Amino acid sequence: MAHIGVGDPTQGVNYTLASVKAVVRGGTSIFGGRGSFIGVLFGAVLVEQLLNVTTFLQLSQAWQYWFEGGLVMVAVGIYTRARGRPGTALAQHTR
């Protein structure tokens, strides 16, 4: 379609952030070096289930963003507490 001038260059832009969210929620560091396939798979399933539950509960699309934002805040809080605790492997790896 792009050869005849009908292609849309912004097609799929919304999926870029969703794919990064799924990978990071699965436990993979965006700086590289850590992560697993299983974690990414579970992260992708979590993102998909979050999108499906709002539709199933007949909530507006705004709730998807609220749930995703809340989940990000919870994940950041867990990561921060795990990183700050001196006895954890995560704290020893990052120092």
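FYI, it's all coordinate maths here, none of it is from the lab. Every value quoted in this text rests on a predicted model; they were computed, and no experiment measured them. All Cβ positions, even for glycine, are placed from backbone atoms using ideal geometry, and neighbour counts span all protein chains on display.
On full extension of the chain, what length is gained from Arg81 through Trp66, given 0.36 nm per residue of separation minus the C-alpha to C-alpha distance? Could the numbers behind the result be given before it?
Numbers: separation 15, 0.36 × 15 = 5.40 nm, distance 2.26 nm.
Result: 3.1 nm gained on full extension.
Run the simple label-point estimate for Leu46 and Tyr15 please: 7 Å along Cα→C-beta, distance reported in nm.
In this crude label model, Leu46 to Tyr15 measures out at 2.2 nm.
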